[in-house]
Amino acid sequence: MRYVSFTKAGIASWGLLTTGGGIDLGRRLANRFPDLRAYIAAGFPNCDAYGTLPCDFTLDEVDLSPVIPNPSKIVMAALNYFEEDDDREKAPAYPVLFLRLPSSQIGHRAPMISPRVSDRLDFEGELAVIIGKSGRHIKREEAQSHVAGYAIYNDGSVRDWQRHSHQFTPGKNFVGTGAFGPWMVTSDALTLPPDGLSLVARVNGIEKQRTNTSRMIFDIPYQISYISQFTTLEPGDVIVTGTCTGFGSTRKPQEFLRAGDVVEIEIEGIGTLSNTVRDEK
């Protein structure tokens, strides 16, 4: 199943996507589940029955929000992909992690904001994991049972601000830079195959990144287990699993985003996340 968060006529809601359109479950279930995060926490009750309800909207009639607009935490992994010529026996011992603020997020088709204080806005195509069941000290072999579903993330990064110090925080949290969408595909509908899912990033239709999730240095079960050692993972939390080379600052010469550029991140089995860059007003 696919779930979205959205606004329609200025009213925030969430719903289920079917082949015929969207079902506004936020309106129908407001007293029980005010947002998608609450519904996930409850374990997707009556999901099959809700899928038979009549549709309330089409995607063209709503503005899509970040899949989870209000996660308690967003944990991001840096890089995290083996490249073709890498020696896998020389992998780092631990992942590099940082946090992103929910207020920096945008949804599918929302403008990606190039800040006035920098001309080095970059893109990173990544697979996002949405937590469905809380846990601490989660065993790696049990980690998959804590996954609610998957989505796509564009970890928009302001590179000069990212490198002001050894902390990534400023460059990773500018308003309107973390694109998250277009929807969540539930884990029962998308089983990650052993040979992985293809991931492609394009700018203005030109391919910039291509990899496969099987090339992750630290796979999803490891990331869930590792993160849960220092914090409790809760329903609606988001783990963004890292990217491969090919983003703007790794290219020669470097390529940064400009107003009017269209960034598309496509992941097999999920869809395509698309955002157009706009200068900060």
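Observations, loosely collected:
- Within the range 182-198, the set of residues being among the small types (Gly, Ala, Ser) and either in a loop (DSSP other than H, G, I, E, B) or not assigned by TED's automatic domain parsing to the domain that holds Ile131 (or both) comprises Ser187, Ala189, Gly196.
- Residues that are assigned to a loop (DSSP other than H, G, I, E, B) and either basic (Lys, Arg) or under 17 Å from Gly236 (Cα atoms) (or both), drawn from the range 12-37: Arg32, Phe33, Pro34, Asp35
- Considering each residue of the range 199-218 in turn, none proves to be in the same structural domain as Ser118 (by TED's automatic domain parsing), in contact with a His (Cβ under 9 Å, 6 or more places away or on another chain) and closer than 20 Å to Leu99 by Cα.
- Checked against the criteria, Tyr3 counts as under 16 Å from the mean Cα position of the chain (by Cα), surrounded by 20 or more Cβ atoms within 10 Å (Cβ to Cβ) and not in a loop (DSSP other than H, G, I, E, B).
- Top-ranked residue in the range 168-181 [being assigned to a strand (DSSP E or B) and hydrophobic (A, V, I, L, M, F, W, C); ranked as surrounded by the most Cβ atoms within 10 Å (Cβ to Cβ)]: Phe180
- Ile206 vs. criteria aliphatic (A, V, I, L, M) and more than 29 Å from Gly43 (Cα to Cα): yes
- Of all the residues in the range 194-222, those that are farther than 22 Å from Val67 by Cβ and in contact (Cβ under 8 Å) with a residue 12 or more places away in the chain number 13.
- Complete set of residues in the range 96-115 that are over 16 Å from the mean Cα position of the chain (by Cα), in a strand (DSSP E or B) and not polar (S, T, N, Q): Ile113
- Taking the listed residues Lys252, Lys281, the one that is farther than 30 Å from Ala143 by Cβ and at pLDDT below 95 is Lys281, with no other qualifying.
- Condition check for Ala128 on (1) crowded, with 24+ Cβ neighbours inside 10 Å; (2) touching a Leu at 6+ places or on another chain (Cβ under 7 Å): one failure, at (2).
- Pairing residues of the range 12-34 that are closer than 12 Å to Phe57 by Cα with residues that are of a type in the set (D, E, K, R), at Cβ distances under 7 Å and at least 6 apart in sequence or on separate chains, gives Ser13/Asp24; Ser13/Arg27; Trp14/Asp35; Gly15/Asp24; Leu17/Arg2; Gly22/Asp56; Ile23/Asp56; Asp24/Asp56.
- Total residues in the range 151-162, condition crowded, with 24+ Cβ neighbours inside 10 Å and over 18 Å from the mean Cα position of the chain (by Cα): 0
- Residue that is surrounded by the fewest Cβ atoms within 10 Å (Cβ to Cβ) [pool: residues in the range 255-279 that are among the hydrophobic types (A, V, I, L, M, F, W, C) and in a strand (DSSP E or B)]: Val262
- Scanning the range 38-82 for residues that are part of a loop (DSSP other than H, G, I, E, B), β-branched (Val, Ile, Thr) and surrounded by 16 or more Cβ atoms within 10 Å (Cβ to Cβ) yields a count of 3.
- Condition check for Glu207: of a type in the set (D, E, K, R), under 28 Å from Ala91 (Cα atoms) and either under 19 Å from the mean Cα position of the chain (by Cα) or not in a loop (DSSP other than H, G, I, E, B) (or both): yes
- When Ser145, Ser165, Ser118 are checked against the criterion of being over 18 Å from the mean Cα position of the chain (by Cα) and either within 22 Å of Val67 (Cβ to Cβ) or part of a strand (DSSP E or B) (or both), a single residue qualifies: Ser145.
- Any hit, the range 109-116, residues being modelled with pLDDT of 95 or more and either surrounded by fewer than 15 Cβ atoms within 10 Å (Cβ to Cβ) or among the hydroxyl-bearing types (Ser, Thr, Tyr) (or both): yes
The values are calculated or read from the model by the stated rules, or taken from the named source; none is laboratory data. Keep in mind the model is a prediction, meaning the values are calculated, not measured. No Cβ is skipped: glycine too gets one built from the backbone with ideal geometry, and neighbour counts run over all protein chains shown.
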